[in-house]
Amino acid sequence: GHADSETGGHAHSEMTGHLPEMGGHAGLKYALLQETITKIEGAYAPSTIRAYRADFTDFIRFCDTRNANALPTEPHLIVEYICQLTGSGRSSASIRRALCGLSAVHKLNRFDDPTKDPDVALEMRRMHRKLGRSSSQAGSINANTLEKLLLATDDSIRGIRDRALLLVAYDTLCRRSELVSLQVKDVKINIKNGIETSSILLRKSKTDQDSTGKWLHLSQRAHFALVGWIKELPEGQEYLMVGIDRGGRISHSSLNSGQVNRIYKRIARNAGLDELIIEGISGHSMRVGAAQDLLNSGASMPIIMQRGRWSKTDTVMRYLEHSGCAS
């Protein structure tokens, strides 16, 4: 994990502040919360830790008025709490954040996660229907976020692979399954007016079941990142996007979809992105972000659909709604 043993010890007062002095039962809960906050110091962004503390302190107060336990707590209390927050004028994003905090504090203390209860999920749906989902929902990696991620990669073999993966994913709007299926032999170098770029043949995709294939074109920057990575690949390597073991050795088999997720999240953590944004990142985040950027740059719906190989307009609309520009 990314939490190292050295994150223990005493947390800085700036981050942990001082919790209210409470006697008896509530005091124990505050003490446990304080221990949890100290434990995660250094593993999460300071802003995330402050948010978790503020949200959980508020939840403890909520439970105290009902003479109920906040840690561990019961799902029905979380349902009531969401209800109260929904009516309190908070945004849907901040209510989701509060739930993340409740979940994290329970898991870090090895209690069952009460936020995973079906009743809690129903109440969250109700909340979203009432308040709407705010624009941060889709966990997108747009051009701005992509720059931050690229800056967080180094010149190790892993860094070279990561840069190629990020830039190719963004330029091609590949689904995870498409990204891991790309083959070395399908990369074609183009030279036009003395400028070198490349294209990759996507042999099969969800919307091209007959596998006629489609050429995906890379920007110059993605091209250079990809060429740099191909130079590192061993002779006879079949797949482009492959794993790297701890010793820096390149695997023969392609990455699986879950690994793509984990790589994005690891780079995002190294880039110091907020833990809430990191939680929303998935293997599709590049696809979502690139589609939103296309929309923001004035691309038409047919162009966006063609670039992302979407067959249904409503799927694209679902992605774009969250960008705050498809109103």
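The values are calculated or read from the model by the stated rules, or taken from the named source; none is laboratory data. What you see is a predicted model, and the numbers here were worked out from it, not measured in a lab. Here the Cβ is made from the backbone with ideal geometry for all residues, glycine too, and neighbour counts use every protein chain on show. Just so you know, the surface numbers come from the protein's heavy atoms only, side chains and all, with ligands and any DNA or RNA stripped out. Shrake-Rupley method; radii C 1.70, N 1.55, O 1.52, S 1.80 Å.
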Exercise for the section: Would you mind giving the average projected area, over all directions, of the Cα convex hull of segment 176-321 in nm² with one decimal? Expected result: 10.8
Problem - the chain, helix-only ellipticity at 222 nm - DSSP H runs n ≥ 4, -39,500 (n - 2.57), divided by all residues, nearest 500 - result: -16500 deg cm²/dmol
Completion exercise
Ranked by GNM mean-square fluctuation in the chain (Cα springs under 10 Å), the top entry among 90, 266, 50 is 90
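With r as the distance between the Cβ atoms of residue 318 and residue 39 and R0 = 35 Å, compute the FRET efficiency 1/(1 + (r/R0)^6) and round to 0.05.
E between residue 39 and residue 318, to the nearest 0.05, is 0.40.
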Problem - lysines with Cα under 16 Å of residue 265, excluding same-chain neighbours fewer than 8 positions away - result: 148
Practice task
Take the Cβ-Cβ distance between residue 144 and residue 67 as r, set R0 to 45 Å, and report the resulting FRET efficiency rounded to the nearest 0.05.
Solution key: 0.45
Problem - Share of carbon and sulfur in the accessible heavy-atom surface of segment 267-306 [1.4 Å probe, %] - result: 54
Exercise for the section: Please work out how much length the chain gains when fully extended from residue 47 to residue 74, using 0.36 nm per residue of separation minus the C-alpha to C-alpha distance, in nm with one decimal. Expected result: 7.0 nm
Problem - Inter-label distance for residue 156 and residue 108, nm, one decimal - labels placed 7 Å from Cα along Cα-to-Cβ - result: 2.6
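Return a whole-number percent for the relative contact order of segment 169-327, with Cα pairs under 8 Å and 6 or more residues apart as the contact set.
23
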Exercise for the section: Just the number, please: carbon plus sulfur as a percent of the accessible area of segment 48-117, 1.4 Å probe, no ligands or DNA/RNA counted. Expected result: 50
Problem - Cα-centre dipole for segment 97-159 with unit charges at Cβ (Lys and Arg positive, Asp and Glu negative), debye to 20 - result: 340
Completion exercise
Note: residue 91 to residue 301 extended length (0.36 nm per residue) minus current alpha-carbon separation gives 72.6 nm
Exercise for the section: Can you bin the chain into rounded, prolate or oblate? Criterion: square roots of the alpha carbon gyration tensor eigenvalues sorted a ≥ b ≥ c, rounded for a/c under 1.5, prolate for a/b above b/c, oblate for the rest. Expected result: prolate
Exercise for the section: Using label points projected 7 Å from each Cα along Cα→Cβ, tell me how many nm separate residue 237 and residue 190, to one decimal. Expected result: 2.4
Practice task
Could you name the lysines whose alpha carbon sits less than 23 Å from that of residue 214, not counting residues in the same chain fewer than 8 places away?
Solution key: 185, 188, 192, 204, 206, 312
